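Here is the structure we will look at, set down as structure tokens.
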Amino acid sequence: MVGGGTGAFIGAVHRLAALMDNQIELVCGCFSANPVLGHQSGLSYFLPESRIYKTYAEMFEKEVKLPEGERMDFVTIVTPNVVHFDPARLALENGFHVVIDKPVTFSSDEAKQLKKLVDETGLTLALTHVYSGYPTVKEARERITGGLYGKVRTVYVEYLQGWLSDKAEDKGNAQASWRTDPKRSGKAGCMGDIGTHALHLAEYITGLHVTEMCGQLETFVPGRLLDDNGNALLRFEGGVSGVLSASQVAVGEENNLRIRIYCENGGIEWAQQEPNTLIIKHQNKPNEIVRTGGGYMSPIAKHNTRTPGGHPEGYVEAFANIYRNFSLTVRAKMNGQQPKSEWLDFPTIEDGVRGMQFIDTIVNTGYEQDKKWIQWMK
């Protein structure tokens, strides 16, 4: 692991998820730019001192020299965005697979370089767009892409939070501090942090790529350097329209990610704060409720379901589904086997590149009112 020292939010989530299925163990890491904190963190994770490294460069240099079966197999990168690319590059160049938090890199150019390395090495990179890991999301994808309700017409996806409604970055909030800093987060704030999740969810469930976008970005909190609110009109492949909204100044909202997709003969609705429920909408009959664990769910949804119906599965389990599918894929490749299709169901470097292109496009169009539609990702 790179990053994720004591007190870090997302690193702890990654460790819980990775260890959940007993397919992965933490064997080494560079857990902080502060070597004292990094060392203390490694000891608290019960690692031997010889596998707690002061820098990630030292980690890759020493790990690659260890015997196969003893050295690490992959690295998880859970740092601020500005420190995503270099450890991922070094990992791939030294023959290690990669799991990385989103957005994949600090810039589009870095994302394209990583894709080139993944293509050249044949190694596996997973991107933790966690919301695609929920069983009900996978059920929605199977139904929509399978044409059960006819052709998709329009998509509405929104991700609303309120935690940055005031200038939390000036009040000792470490998460707010780096996420609102363009030198550490990149050119987008809210849209880079959660807008990319909304985009990925829309593309994942529909199986369609966005091709054009007209955006609007706003910064409501005085003195903030990056956007904290935004909207985009979307055009998908096949003439499908969409609306994407993201805000971190929606006062009172916690983590309200919600998607509605309307097709010719029906629609679906899913909300992250009630993740075990998928609502199916009809024109002339009552709506249906699909629940995680139901025997009627698709094979891919069942593969990613961990408990019997009525036992809630949440955020960490969705994270764990990405790690499990990634680990099964890597293990198969290491054994010279072809991974099963359900194992390959996790976000990859291609999703990362698209996320960075989304950030570029929303920033380019969002602040300039004379621009209307911008083509992207043709």
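Of the numbered conditions (1) farther than 27 Å from residue 82 by Cα; (2) not in a loop (DSSP other than H, G, I, E, B), residue 208 satisfies every one except a single condition; which is it?
(2)
Inspect the range 176-188 for any residue being farther than 29 Å from residue 217 by Cβ, touching a residue at least 24 places away in the same chain (Cβ under 8 Å) and surrounded by fewer than 23 Cβ atoms within 10 Å (Cβ to Cβ) and give the result as yes or no.
Start the filter on the range 176-188 by keeping residues that are farther than 29 Å from residue 217 by Cβ, which leaves none.
Within the range 176-188 (the criterion being farther than 29 Å from residue 217 by Cβ, touching a residue at least 24 places away in the same chain (Cβ under 8 Å) and surrounded by fewer than 23 Cβ atoms within 10 Å (Cβ to Cβ)), the answer is no, since none of the residues qualifies.
Search the range 270-285 for residues being over 20 Å from the mean Cα position of the chain (by Cα) and in a strand (DSSP E or B), and hand back the single one that is farthest from residue 144 (Cα to Cα).
277
I'd like to check something: does the range 72-80 contain any residue that is touching a helix residue (DSSP H, G or I) at 6+ places or on another chain (Cβ under 9 Å), free of Cβ contacts under 8 Å to residues at least 12 places away in the same chain and of a type outside the set (Val, Ile, Thr)?
Taking the range 72-80 and keeping what is touching a helix residue (DSSP H, G or I) at 6+ places or on another chain (Cβ under 9 Å), we get 72-80.
After this cut, where a residue has to be free of Cβ contacts under 8 Å to residues at least 12 places away in the same chain as well, the list is none.
Among the residues of the range 72-80, not one is touching a helix residue (DSSP H, G or I) at 6+ places or on another chain (Cβ under 9 Å), free of Cβ contacts under 8 Å to residues at least 12 places away in the same chain and of a type outside the set (Val, Ile, Thr), which makes the answer no.
Taking residue 227, is it charged (D, E, K, R), over 19 Å from the mean Cα position of the chain (by Cα), buried (at least 23 other Cβ atoms within 10 Å of the Cβ) and not in a strand (DSSP E or B)?
So residue 227 passes the test.
Scan the range 327-359 residue by residue and report those that are part of a loop (DSSP other than H, G, I, E, B) and out of contact with any helix residue (DSSP H, G or I) (no Cβ under 9 Å at 6 or more places or on another chain).
First, pick out the residues of the range 327-359 that are part of a loop (DSSP other than H, G, I, E, B): 335-348.
Of everything in the range 327-359, those that are part of a loop (DSSP other than H, G, I, E, B) and out of contact with any helix residue (DSSP H, G or I) (no Cβ under 9 Å at 6 or more places or on another chain) turn out to be 335, 336.
Go through the range 114-166 and count every residue that is more than 30 Å from residue 177 (Cα to Cα), in a helix (DSSP H, G or I) and in contact (Cβ under 8 Å) with a residue 24 or more places away in the chain.
Adding up the residues that qualify gives 14.
In the range 71-104, how many residues are surrounded by 15 or more Cβ atoms within 10 Å (Cβ to Cβ), in a helix (DSSP H, G or I) and out of contact with any Lys or Arg (no Cβ under 9 Å at 6 or more places or on another chain)? Talk me through it step by step, then tell me what you get.
First pass over the range 71-104, keeping only residues surrounded by 15 or more Cβ atoms within 10 Å (Cβ to Cβ): 71-92, 94, 96-104.
Next, from what is left, pick out any that are in a helix (DSSP H, G or I): 81-83, 85-92.
Then drop every residue that is not out of contact with any Lys or Arg (no Cβ under 9 Å at 6 or more places or on another chain), which leaves 85-92.
Selection size over the range 71-104: 8.
Across the range 44-70, what is the total count of residues that are surrounded by 13 or more Cβ atoms within 10 Å (Cβ to Cβ) and either part of a helix (DSSP H, G or I) or touching a Lys or Arg at 6+ places or on another chain (Cβ under 8 Å) (or both)?
11
Throughout, read-outs are computed from the coordinates displayed, never taken from laboratory work. What you see is a predicted model, and the numbers here were worked out from it, not measured in a lab. Here Cβ is always computed from backbone atoms with ideal geometry, including for glycine, and neighbour counts include all displayed protein chains.
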